[in-house]
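To start, the structure itself, in structure tokens.
The values are calculated or read from the model by the stated rules, or taken from the named source; none is laboratory data. These numbers come from a predicted model, not from an experiment. Cβ: placed from backbone, ideal geometry, glycine included. Neighbour counts: every protein chain shown. Side chains included, ligands, DNA and RNA excluded: accessible areas come from the protein's heavy atoms. Shrake-Rupley method; radii C 1.70, N 1.55, O 1.52, S 1.80 Å.
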Amino acid sequence: MHPPEPLVEFKDAYIGYGSRVVVRGLNLTVSRGGLTVLLGPNGSGKTTVMRAIFGSARVVKGVLRVNGTVSYSPAEVDGLVNLTVLETVRTARRGYAWVNNEDAVKALSEVGMLSKVNARLSELSTGEKRLTMIARAIASNADLILIDEPTANLDPGNRHRVLKVILSLITQHTVMVATHDVDLALLANQVVMLRDGSVVDVGPPVEVITEENLTKLYGVSARVMRNGGEVHVVFPMHEKP
Amino acid sequence: MVGKVKIRYVGLFLTPILLVVGLILNLILGEVNVPYTCLVTCNQVKYRIIILDIRLPSTLASLVVGYVLGVSGAVMQGVLRNPLAEPFTTGIASAAVLGGLLGYLLVLVGGLTGSYSTLAIPILALVVGLSSSIVVVMLGSRLGVIGLILMGILITLLSYAASMIVMLMIESINPTASIQPLYLLYGNLSGVLWWQVYAMLASAVPTILIIIYLSRYIDLLMLGDDVAKASGVNPVNVRRILVALTSVPLAVSLAFTGIIGFVGIMAPYVVRQMTGRGSGSVVVPWSGLVGSLILTYSYLASRIMIKGYVVPITAVTGIAGIPLLMWMIARGGFGAST
């Protein structure tokens, strides 16, 4: 028997826009199931890696193989979008067809947005917008769900809601998340650390979330505390003597 | 909540009824008031000529042009992700005016007479208007929303500059010439002929049917190019196709009736308020209907407002539309709750 084909495979890929290269020498394999987290500071090339997967960024050199359908949820839905929540989810596509009403409503109930189906997207909080876009991804039944900065600019309550949805999402879908949130990376099966367009380290969180790597990634000293099964990461303001 | 829903249904129900009433009023009211019984059977030849040859083509034109403007406004606002966009954001209107002026120059220089001279202005308005759209679509859409808007602004500036020079050339040839094509600036539905109505219908029906069929792609564009691309839809091509499709009936309408402002920006606002929805599949067809409604009553007002005169349409749509728009913006912000 052949091993199952990976969903996404980058082999020494150089990615960019036009002639500008943003990400250099990326090697990454995403298999079906679980959560892959692209971790790194702002401007490290995380979004560019995602955009390469659906063709908004170009692979200049190297190889990228994508075997499946993709859904993308951006960090911000820009502009003055007048769509309602339900209409937003119904922009999802399954193959060449639009998602039907029933599947859209089902997806919205999965993320707890059923009470807001007729609200305008522009009237929602950032967290609710993200949940709506995640529902859109669920409705599309895509093989790979890409979520860009799901927890950025959220208050603790909304952050909790979004994280819970992502945790339940990864039991049934393959998810890739771009974030600078270390707590989110701790939930992953695989973490890709990016800085200035280059990979710092790749592996399961227990192996790669180290004080050395985090310090390299963010340029400030980090402390990783392990307490039984729990891991806490802090970036202390004052160095201990 | 219940009250709001009820108002919505009443609005949806009333729009077609009011439209039909408006069309009938346009046929019977005017400089001469025709008895309404004449709509069914008319013994007097005078009235029959007024209704069939004079008022019916103009009234149908208000229906068609209103629909085209409403649909185009809804498409542009969606495609450009901007509730302040309007059908002429791509510069097609000023390019059509330039075309009209070039047509007039051709008449003067070439000494055209008869039907050639009456056709030169609308045909060149159509050709230059469409060409400007092709340029905008080809060059601008690759650069995204900003590219389209920027190209539209540049086309407008270029058309103004060229129009100024053409007007001076016309004046140098014939200093006493009243510059006829300037009627294109003010919008005029009176005097529309039957063949022009057919031309407008022929350009509008197929393009608008395709636009309505494609209208759900507008929703996808509103969520951003990346979201569209990840869904397997090329946003650049969708924008190109939709802008190109609107430009055909727009250019034809512009050539015959001139620039009619505010309908295209107003109709989608009204529809979003009325329906509480934002999807192109709802907003596009309904904006057409509301556009027809606005233009039909504006045309009626333009003919009966000042006895003996026809007020330019854009003056009427502006007077009715600008306060409404100001109220809506003040109430809901820039599309935030509209």
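Remarks
- For B:S287, the criteria (1) under 16 Å from the mean Cα position of the chain (by Cα); (2) more than 14 Å from every other protein chain (Cβ to nearest Cβ); (3) in contact (Cβ under 8 Å) with a residue 60 or more places away in the chain hold in every case but one, which is (2).
- Filter result for the condition that a residue is under 27 Å from B:L221 (Cα atoms), within 14 Å of chain B (Cβ to nearest Cβ) and at pLDDT 90 or above, over A:V8, A:V77, A:V59: A:V8
- Among the residues of the stretch B:11-53, those identified as of a type in the set (A, V, I, L, M), at pLDDT 80 or above and either open to solvent by 90 Å² or more (accessible area, probe 1.4 Å) or over 19 Å from B:L63 (Cβ atoms) (or both) are B:V32, B:V45, B:I49.
- Selected residue (only one of A:V208, A:V175, A:V224 is touching a strand residue (DSSP E or B) at 6+ places or on another chain (Cβ under 9 Å), open to solvent by 20 Å² or more (accessible area, probe 1.4 Å) and β-branched (V, I, T)): A:V224
- Hits in the stretch B:249-305 - residues which are open to solvent by less than 10 Å² (accessible area, probe 1.4 Å), under 14 Å from B:S62 (Cα atoms) and of a type in the set (V, I, T): B:T257, B:I260, B:V263, B:V290, B:T296
- Just one of the numbered conditions (1) open to solvent by less than 10 Å² (accessible area, probe 1.4 Å); (2) away from every other protein chain (no Cβ under 14 Å) is not true of B:L80: (2).
- So B:R216, is it assigned to a helix (DSSP H, G or I), more than 12 Å from chain A (Cβ to nearest Cβ) and basic (K, R): no
- Filtered residues of the stretch A:1-36 (kept if in a loop (DSSP other than H, G, I, E, B) and either open to solvent by 10 Å² or more (accessible area, probe 1.4 Å) or without any contact (Cβ under 8 Å) to a residue 12 or more places away in the chain (or both)): A:M1, A:H2, A:P3, A:P4, A:E5, A:P6, A:G18, A:S19, A:S31, A:R32, A:G33
- The set of residues in the stretch A:143-197 that are more than 20 Å from A:L28 (Cα to Cα), of a type in the set (A, V, I, L, M, F, W, C) and in a loop (DSSP other than H, G, I, E, B) comprises A:A152, A:L154.
- Leading residue by the ranking (most open to solvent (accessible area, probe 1.4 Å)) among those in the stretch A:150-172 that are touching a residue at least 40 places away in the same chain (Cβ under 8 Å) and farther than 24 Å from A:N213 by Cα: A:R161
- Subset of the stretch A:122-142 [part of a helix (DSSP H, G or I) and either modelled with pLDDT under 90 or of a type outside the set (A, V, I, L, M) (or both)]: A:S122, A:E123, A:T126, A:G127, A:E128, A:K129, A:R130, A:T132, A:R136, A:S140
- Taking helices (runs of 4 or more DSSP H) as the structural unit, those lying wholly within the stretch A:37-117 and holding at least 2 residues that are surrounded by fewer than 24 Cβ atoms within 10 Å (Cβ to Cβ) correspond to A:46-54, A:101-110.
- For B:S253, the stated conditions hold: it is in contact (Cβ under 8 Å) with a residue 24 or more places away in the chain, within 22 Å of B:Y186 (Cα to Cα) and out of contact with any His (no Cβ under 7 Å at 6 or more places or on another chain).
- Test: B:V71 is β-branched (V, I, T), in a helix (DSSP H, G or I) and at pLDDT 90 or above: yes
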